[in-house]
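Colleague: Sharing a structure with you now.
The values are calculated or read from the model by the stated rules, or taken from the named source; none is laboratory data. Please read all numbers here as calculations on a predicted model, not as lab measurements. Cβ sites come from the backbone with ideal geometry, for glycine too, and all protein chains shown count toward neighbours. When the accessible area is computed, the model is the full protein with side chains, heavy atoms only, and any ligands, DNA or RNA have been set aside. Shrake-Rupley method; radii C 1.70, N 1.55, O 1.52, S 1.80 Å.
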Amino acid sequence: GDPVAVKSAEVDESKDQLLVATNLEFAPFEYKEGENIYGIDMEIAALLAEKLGKELVIVNMDFDAVCLSVGQQKADIAMAGLTVKEDRKEYVEFSSTYYNAAQKIIVPSNNTEFDDCKDAAAVEAILKTKDKTCKIGVQTGTTGEFYSAGDADWGFDGFDVETKGYKSGSLAVQDMLNGNIKYVIIDAAPAHCITEAPQFKAHLCCIFK
């Protein structure tokens with residue numbers, strides 16, 4: 001269906017509010033257009049607040065602070081396209097999984113390295129040939145970062161590249177188009193949103209599994 005704008009109140013300790021920690025840089029899960037807030041996570045948050053009879057407050061912050069804010073009792077819940085991860089379970093409880101994500105690699109439109117790749121293994125084989133001179137952009141704290149840099153909890157070996165973190169996937173893509181990094185790795189749904197955006201569409205080729 002069509003995205004529905006979600007209204008957020010300001011924090012007011014005198015009111016019965018539901019404080020939702022998020023990062024509004026992860027379309028289609030949560031994002032802003034002008035002053036309006038959109039995204040499936042935010043629509044779910046609005047329905048939850050209504051069900052609980054509470055006023056919804058959306059608290060925007062860096063992605064890697066979202067779960068921590070709940071653990072530190074600065075927010076009631078976190079909704080930010082979060083992947084269930086063992087170290088996060090140490091300070092938050094997760095709902096049942098409602099979406100299975102895959103990682104995608106974004107490359108400039110003149111990059112043909114991955115044109116013949118048919119699956120993830122073929123992409124990984126190319127990435128394994130890269131060294132520290134190759135810079136891969138990711139959104140800090142996301143699965144893309146764990147995948148590129150390596151993460152023992154998930155069994156990701158990572159690659160022998162320089163993994164560079166950004167506050168959002170779109171900032172990483174812009175830096176790639178500026179020639180400062182080679183690729184960007186991010187969840188599939190945000191990757192599609194970024195590459196379909198008018199400011200990027202003409203400059204990017206397809207996204208590879």
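Colleague: Apply the Karplus parameterisation 6.51 cos²θ - 1.76 cosθ + 1.60, with θ equal to phi minus 60°, to every residue of the range 185-198 and state each ³J(HN,Hα) to the nearest whole Hz, in sequence, with x for glycine and proline.
Modeller: 10, 7, 4, 4, 5, x, 4, 5, 4, 5, 6, 8, 5, x
Colleague: Here's a follow-up. Quick one: which residues, 5 or more positions from Ile37 or on another chain, have an amide H under 5 Å from its amide H? H modelled 1.01 Å from N in the peptide plane, none for Pro or chain starts.
Modeller: Val6
Colleague: Oh, and also: Each residue of the range 21-37 in order: what ³J(HN,Hα) in whole Hz does its phi give by Karplus 6.51 cos²θ - 1.76 cosθ + 1.60, θ = phi - 60°, with x for Gly and Pro?
Modeller: Listing the rounded values in order: 7, 7, 10, 7, 9, 9, 4, x, 7, 7, 6, 10, 10, x, 9, 8, 9 Hz.
Colleague: By the scheme Lys and Arg +1, Asp and Glu -1, what is the net charge of all other residues having a beta-carbon under 14 Å from that of Gln73? Write out the running numbers ahead of the final one.
Modeller: On the way: positive: Lys74; negative: Glu13, Asp76, Glu93.
In short, -2.
Colleague: Accessible area of the range 1-100 with a 1.4 Å probe: how many percent of it is carbon plus sulfur? Write down the numbers at each step before the final one.
Modeller: Values: 2840 of 6140 Å².
Taking all protein chains in place, the range 1-100 shows 46 percent carbon and sulfur surface.
Colleague: Provide, for q = 0.16, 0.23, 0.29 Å⁻¹, the log10 of I(q)/I(0) from a solvent-free Debye sum over equal Cα point scatterers in the range 1-62.
Modeller: -0.46, -0.92, -1.31
Colleague: What residues qualify as long-range amide H neighbours of Leu18, i.e. H under 5 Å apart, gap of 5 or more or another chain, H built at 1.01 Å from N?
Modeller: Answer set, sorted by chain and number: Glu55, Leu56, Val57.
Colleague: What pairs in Lys54/Lys104; Lys32/Lys130; Lys7/Lys167 have C-alpha atoms more than 26 Å from each other? Don't skip to the answer; put the middle values down first.
Modeller: On the way: Lys54/Lys104 37 Å; Lys32/Lys130 36 Å; Lys7/Lys167 24 Å.
Long pairs (Cα-Cα over 26 Å): Lys54/Lys104; Lys32/Lys130.
Colleague: What ranking do 122-133, 139-150 get when scored by the average of other Cβ atoms within 10 Å per residue, highest first?
Modeller: Details: 122-133: 13.1, 139-150: 22.6.
Per-residue mean Cβ counts within 10 Å order the peptides as 139-150, 122-133.
Colleague: Right, something else. Return P(r) of the chain (all Cα-Cα pairs; 10 Å bins starting at 0; whole %; ordered from short to long distances).
Modeller: Reading the bins upward from 0: 8, 33, 33, 19, 6, 1.
Colleague: Roughly what would the spin-label model give for Ala120 and Lys54, points 7 Å off Cα along C-beta, in nm?
Modeller: 3.4
Colleague: Additional query: Classify the range 130-173: rounded, prolate or oblate, from the alpha-carbon gyration tensor (a ≥ b ≥ c, eigenvalue square roots; a/c under 1.5 rounded; otherwise prolate if a/b is larger than b/c)?
Modeller: On the way: a/c = 3.13, a/b = 1.20, b/c = 2.62.
Judged from the Cα gyration tensor, the range 130-173 comes out oblate (a/c at least 1.5, b/c at or above a/b).
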